[in-house]
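Peer 1: Dropping the structure in here first, questions after.
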Amino acid sequence: MPESVYVVMPAFNEDRVIASIIHRVRETLPDAHVVVINDGSGDQTASVATAAGARVVNLPFNCGYGVALQTGLTYAFRAGADIVITMDSDGQHDPGSIEPLMKPVRKGESDLVLGSRYLPQSVSYRVPALRRIVSRCLSLLLTLITGQRLTDTTTGFQCMNRKTLERFVTLKDFPEKTPDADLILYAVMTGARVCEVPVTMHEDRGGESMHGAFKSMFYIPKLFTAIVSVLLQYSHQKRGNV
Amino acid sequence: MTIFQLGSGTTAIGHVAPEARVLIFVCGLGLCLWSLLKLRRRSLLVATCSLFLAVGSAFIFFAAFPEFVDRLAYFSGITYPPVLYLIGCVVILVLMIIHLAFRLSLIDERCRRITIELALLRHPPPDAAALAQSEARADRA
């Protein structure tokens with residue numbers, strides 16, 4: 001039985017670039033199902049994505065990146081997906097990197113693969129200094145907690161198998177705004193094998209950011225609290241796994 | 001002259017002037033009536049209404065027996081009774097904020113779940129059989 005691959009793309013006001021991204025994904029993975037979660041966009045994102053051949057799930061209003069992602073993962077899970085790739089719809093994540101991202105999952109070596117922009121072989125745009133520092137600090141923190149070297153814990157470019165997908169879908173308090181380092185930590189804490197592969201990332205070419213400038217101010221304290229929350233809730237499971 | 005000045009100066013410590021007592025009584029009664037009116041129109045939850053009723057009743061009680069709080073303050077070692085009111089207000093407000101934050105978190109979580117389910121009901125995944133299969137797998141696990 002062939003494996004069922006789903007590409008989940010949360011989108012918010014991305015009608016200028018989403019069609020080209022979907023076409024490139026479909027060129028790379030002709031048999032994959034592309035699911036766009038339209039997070040209450042005010043533009044033509046839904047119709048453009050549908051015309052490009054994606055399945056579109058419309059959220060009734062703008063709910064945030066985390067809710068859009070969880071909707072997409074739930075959709076894929078209920079559709080019986082074996083492998084799920086999550087990527088941004090703003091053109092930042094290069095569809096050409098999907099194959100290397102899937103490789104460890106297909107081989108059964110890993111349950112969750114992170115596309116890193118900070119590995120030596122990665123091809124990345126020039127990440128702004130502040131963002132790079134924050135990302136490095138988070139990666140260092142997670143490396144210390146998990147004991148596994150992680151370089152890019154804020155990446156949304158990920159690939160997971162069904163087991164990890166189920167873990168995320170059944171997670172009651174799925175991070176609403178910051179499904180980044182805390183979600184990776186949750187995966188590790190619940191026994192998932194996580195690895196990183198170098199990927200190509202471009203500068204955001206899309207419209208409005210799903211995170212927003214003002215909300216970004218609260219990103220670090222929120223994420224830090226979320227990490228503490230995961231640690232408090234799942235540290236006993238980690239001990240059980242080890 | 002403010003409500004606080006009414007009871008001070010020439011009067012004894014702890015004494016609340018009749019004007020202030022009337023004002024506090026009217027405020028308490030108003031809060032109770034407003035809560036009951038909202039409850040009747042079903043525009044206020046029973047739990048929230050009971051909180052406002054309790055606060056309104058406390059106002060009325062204080063207007064009727066102002067010396068009670070004074071005695072309580074002296075009994076607690078607080079020499080200046082209005083401080084007890086201040087502490088009481090701060091504690092109640094903090095408790096209210098904690099309660100509302102808890103309720104908000106709960107409602108937010110439920111709203112998120114409903115939104116996801118609504119979106120997936122409107123755009124169901126293509127393979128219902130796969131859904132049944134995956135749920136059966138999850139049940140077995």
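The values are calculated or read from the model by the stated rules, or taken from the named source; none is laboratory data. Treat the numbers as computed from the prediction; the structure is a model and nothing was measured. Neighbour counts run over all protein chains shown; Cβ positions are idealised from the backbone, glycine included.
Peer 1: Condition first: in contact with a Lys or Arg (Cβ under 9 Å, 6 or more places away or on another chain) and of a type in the set (V, I, T). Can you find one or more residues in segment A:74-82 that meet it?
Peer 2: Within segment A:74-82, none of the residues are in contact with a Lys or Arg (Cβ under 9 Å, 6 or more places away or on another chain) and of a type in the set (V, I, T).
Peer 1: In segment A:48-98, what residues are more than 8 Å from chain B (Cβ to nearest Cβ) and β-branched (V, I, T)?
Peer 2: Correct list: A:V48, A:T50, A:I83, A:V84, A:I85, A:T86, A:I98.
Peer 1: Looking at (1) under 30 Å from A:K172 (Cβ atoms); (2) in contact (Cβ under 8 Å) with a residue 60 or more places away in the chain; (3) in contact with a Lys or Arg (Cβ under 8 Å, 6 or more places away or on another chain); (4) crowded, with 20+ Cβ neighbours inside 10 Å, can you tell me which one A:G91 breaks?
Peer 2: (1)
Peer 1: Also: Look at segment A:143-189 and say how many of its residues are in contact with a strand residue (DSSP E or B) (Cβ under 7 Å, 6 or more places away or on another chain) and not charged (D, E, K, R).
Peer 2: First, pick out the residues of segment A:143-189 that are in contact with a strand residue (DSSP E or B) (Cβ under 7 Å, 6 or more places away or on another chain): A:148, A:150-152, A:155-161, A:164-165, A:184, A:187-188.
Now drop any that are not not charged (D, E, K, R), which leaves A:148, A:150-151, A:155-161, A:164-165, A:184, A:187-188.
Qualifying residue count, segment A:143-189: 15.
Peer 1: Are there any helices (runs of 4 or more DSSP H) wholly within segment B:25-141 with 3 or more residues that are within 14 Å of chain A (Cβ to nearest Cβ) and either at pLDDT below 85 or at positive phi (or both), and if so which? Explain how you work it out, then say what you get.
Peer 2: On the way: elements: B:46-64, B:66-75, B:82-122, B:128-140.
Passing ranges, in order: B:128-140.
Peer 1: A follow-up question, please. Consider segment A:164-196. How many of its residues are among the polar types (S, T, N, Q) and without any contact (Cβ under 8 Å) to a residue 12 or more places away in the chain? Outline the logic, then answer.
Peer 2: Start the filter on segment A:164-196 by keeping residues that are among the polar types (S, T, N, Q), which leaves A:164, A:170, A:178, A:190.
With the extra rule that they be without any contact (Cβ under 8 Å) to a residue 12 or more places away in the chain, the set shrinks to A:170.
Here the count works out to 1.
Peer 1: When segment B:56-72 is examined, which residues are found to be surrounded by 14 or more Cβ atoms within 10 Å (Cβ to Cβ) and either in contact with a strand residue (DSSP E or B) (Cβ under 8 Å, 6 or more places away or on another chain) or over 20 Å from B:E19 (Cα atoms) (or both)? Reasoning before the result, please.
Peer 2: Step one: list which residues in segment B:56-72 are surrounded by 14 or more Cβ atoms within 10 Å (Cβ to Cβ), which gives B:56-63, B:66, B:69-70.
Listed by number, the list is empty, since nothing qualifies.
Peer 1: I'm trying to understand the selection: among the residues of segment A:30-39, which are in a loop (DSSP other than H, G, I, E, B) and surrounded by 18 or more Cβ atoms within 10 Å (Cβ to Cβ)? Break it down stepwise before answering.
Peer 2: Start the filter on segment A:30-39 by keeping residues that are in a loop (DSSP other than H, G, I, E, B), which leaves A:30-32, A:39.
Scanning segment A:30-39 gives A:A32, A:D39.
Peer 1: For A:V25, all conditions in the list (1) surrounded by fewer than 17 Cβ atoms within 10 Å (Cβ to Cβ); (2) in a helix (DSSP H, G or I) hold save one; what is the number of the exception?
Peer 2: (1)
Peer 1: Here is a list: A:D182, A:D173. Which entry is more than 12 Å from chain B (Cβ to nearest Cβ) and among the charged types (D, E, K, R)?
Peer 2: Details: A:D173 fails: more than 12 Å from chain B (Cβ to nearest Cβ).
On inspection, the qualifying residue turns out to be A:D182.
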